[in-house]
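Data block below; observations after.
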Amino acid sequence: MDGDYCIFLDLRNDDYLCVGRPDIEALQSDRQHRSLSCTTLAEELVSNGLLIRSDTDGRAITATRATLAARALFVGPQPRQPLQALCEFMRFLRSSIVAHRALTSWPLQRTVEFARRRKAALGGGSTPDHSSLAKFVGEFNQCRPFFPRGYLCLFDSLALLDFLTRHDIRVDWVYGVQAEPFEAHCWLQTDDIVVNDTLERIAPFTPILVV
């Protein structure tokens, strides 16, 4: 929910759908008091797979819950030995290729499921102390100019998420939206710390998905 709108992220169709807040509230009211326009909207949401005709198989329309970001990770220059730099570059390259292939060949739903599996495979993996996390993010940033792809939040967040999982580090991949004017953005976050963005940049966005 953002302002006067309820926004759906349709992973299967890689699309967003904005619905007025009053219409969503009307949909959740008693059926006998729904207007014709409300019934038409319900049919549209059913055809898009966002609502189902069942009282038991679905779940309530609720806002995504996410920890409010309050800090941004400070990442400074990372001193490295040549062998260490080579090892980190190879990890970076593998993660970047994985992210590139996923975003060019897969629907968004499969990409999100892939990211979830990567995190689940960590088993006992956890987020390290901030200095260690900053070190690995710094390694990624130093390698990033050498991969020939434009800087886009979707690619850079997925590539960094995969890179961090190779170091047994868990972070959340957060998608955010703003209604007016409509814009979507994503970033990585751990607890209330933004990993690869600034607080100013993500402030206008309401989280719609946390992976």
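Quick check: is even one residue across region 17-32 assigned by TED's automatic domain parsing to the domain that holds Arg201, within 22 Å of the chain's Cα centre (by Cα) and either farther than 26 Å from Asp191 by Cβ or not in a helix (DSSP H, G or I) (or both)?
Our first condition is that a residue be assigned by TED's automatic domain parsing to the domain that holds Arg201; within region 17-32, this holds for none.
Within region 17-32, none of the residues are assigned by TED's automatic domain parsing to the domain that holds Arg201, within 22 Å of the chain's Cα centre (by Cα) and either farther than 26 Å from Asp191 by Cβ or not in a helix (DSSP H, G or I) (or both).
Mind checking which residues of region 161-192 are in a loop (DSSP other than H, G, I, E, B), more than 21 Å from Phe74 (Cβ to Cβ) and touching a residue at least 60 places away in the same chain (Cβ under 8 Å)? Steps first, please.
Restricting attention to region 161-192, the residues satisfying the condition of being in a loop (DSSP other than H, G, I, E, B) are 166-171, 179-182, 191-192.
In the following step, the residues that additionally are more than 21 Å from Phe74 (Cβ to Cβ) were identified as 166, 168, 179-182.
Across region 161-192, the qualifying residues are Arg166, Ala179, Glu180, Phe182.
Might you check whether a residue that is within 19 Å of the chain's Cα centre (by Cα), hydrophobic (A, V, I, L, M, F, W, C), within 30 Å of Cys6 (Cβ to Cβ) and assigned to a helix (DSSP H, G or I) occurs anywhere in region 127-150?
No, there is no match, as no residue in region 127-150 is within 19 Å of the chain's Cα centre (by Cα), hydrophobic (A, V, I, L, M, F, W, C), within 30 Å of Cys6 (Cβ to Cβ) and assigned to a helix (DSSP H, G or I).
If Leu158 satisfies all but one of (1) in a strand (DSSP E or B); (2) crowded, with 20+ Cβ neighbours inside 10 Å, what's the number of the condition it fails?
Evaluating Leu158 over (1) in a strand (DSSP E or B); (2) crowded, with 20+ Cβ neighbours inside 10 Å leaves (1) as the failure.
Only one of (1) of a type outside the set (Gly, Ala, Ser); (2) assigned to a helix (DSSP H, G or I); (3) over 17 Å from the mean Cα position of the chain (by Cα) fails for Arg110. Which number is that?
(3) is the only condition that Arg110 fails.
Could you identify the single residue in Thr39, Thr56 that is modelled with pLDDT under 80, surrounded by 12 or more Cβ atoms within 10 Å (Cβ to Cβ) and either in a loop (DSSP other than H, G, I, E, B) or not basic (Lys, Arg) (or both)? Talk me through it step by step, then tell me what you get.
Details: Thr56 fails: surrounded by 12 or more Cβ atoms within 10 Å (Cβ to Cβ).
It is Thr39.
The values are calculated or read from the model by the stated rules, or taken from the named source; none is laboratory data. Please read these numbers as outputs of a predicted model, since none were measured by experiment. Heads up, the Cβs are rebuilt from the backbone with ideal geometry, glycines too, and the neighbour counts pull from every protein chain shown.
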